[in-house]
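Following: one structure in structure tokens, then a few remarks.
Each reported figure results from applying straightforward, stated rules to the coordinates on display, with no laboratory input. Nothing here was measured: the structure is a model prediction, and the numbers come from that model. With ideal geometry, Cβ positions are generated from the backbone for all residues, glycine too; neighbour counts draw on all protein chains shown.
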Amino acid sequence: MYIKNQHYDVPQYESKKFKLLPKGHYKASLVDLEEKQGNYGDYICIKWEIQTPSEYKGRILWDNFAVNADDKVKREKALANFLILVDAFIGKGQDFNDNNWQQMLNKEAELVVGIWKKDDDHSVNSIYQRIPLSNNFGKVLLDQAKGLSPTLQSDIEALNDDIPF
């Protein structure tokens, strides 16, 4: 709808610029999750709050999952990455819906953060990997990401040592 000659005042906000987080691993809590509408399809936006290292505690990173993107490859990648979090935080095989998304709040993950250069004048932090800390497999992945475990196979065997076969 077009309304001619409408005038309104836009409040002025002082921009608070933060330095980019250095590349690295950060422990973070999922503090908000919402579905949003975008130019290229609806997406899920996760708000992470950094817990450690302590000098960055309280800093916020936003993580967008283009689960309804027009581009099939982008959509499938976003959905796969999001479902890893759902499986870890809510339970494997559980549907993500309006009734259970709140179970994901305050769950922790190790974020592998890098810097993405959008253009010559603008760089942003980007989350390259999310490793849920709510289960043993997430901890195995975290050790792998930090180079502490020699092989994923030996870690999986260690996790399954109670299985009688």
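Which value results for Rg/Rh of the range 24-133 when Rg is the Cα radius of gyration and Rh the Kirkwood radius based on the inverse mean 1/r? Write out the running numbers ahead of the final one.
Values: Rg = 14.1 Å, Rh = 14.6 Å.
Checking Rg against Rh, the ratio lands at 0.97.
Among Lys27/Lys118; Lys57/Lys118; Lys72/Lys107; Lys77/Lys117; Lys77/Lys118; Lys23/Lys47, which pairs are too far apart, with a Cα-Cα distance over 23 Å? Don't skip to the answer; put the middle values down first.
Working: Lys27/Lys118 25 Å; Lys57/Lys118 25 Å; Lys72/Lys107 29 Å; Lys77/Lys117 21 Å; Lys77/Lys118 20 Å; Lys23/Lys47 18 Å.
With Cα atoms farther than 23 Å apart: Lys27/Lys118; Lys57/Lys118; Lys72/Lys107.
Short version: ³J(HN,Hα) in whole Hz for each residue of the range 43-50, in order, from phi by Karplus 6.51 cos²θ - 1.76 cosθ + 1.60 (θ = phi - 60°), x for Gly and Pro, what are they?
After applying 6.51 cos²θ - 1.76 cosθ + 1.60, I find 8, 9, 10, 9, 10, 9, 10, 5 Hz.
Give, as a single signed number, the net charge of other residues whose beta carbon lies under 10 Å from the beta carbon of Asp42, with Lys and Arg counted +1 and Asp and Glu -1.
With Lys, Arg at +1 and Asp, Glu at -1, the neighbours total 0.
Go ahead and run the numbers for FRET between Val73 and Thr52, Cβ-Cβ distance against an R0 of 25 Å, rounding to 0.05.
Values: r = 34 Å, r/R0 = 1.35.
For Val73 and Thr52, the calculated efficiency is 0.15.
Assuming R0 = 35 Å, can you tell me the calculated FRET efficiency for the pair Phe18 and Asn39, based on Cβ-Cβ distance, to the nearest 0.05? Before the final figure, lay out each step's value.
Values: r = 25 Å, r/R0 = 0.73.
Calculated value: 0.85.
Between beta-carbons, use under 12 Å as the cut-off and find the net charge around Ala80, counting Lys and Arg +1, Asp and Glu -1.
Details: positive: Lys74, Arg75, Lys77, Arg130; negative: Glu76, Asp87.
Summing Lys and Arg as +1 and Asp and Glu as -1 gives +2.
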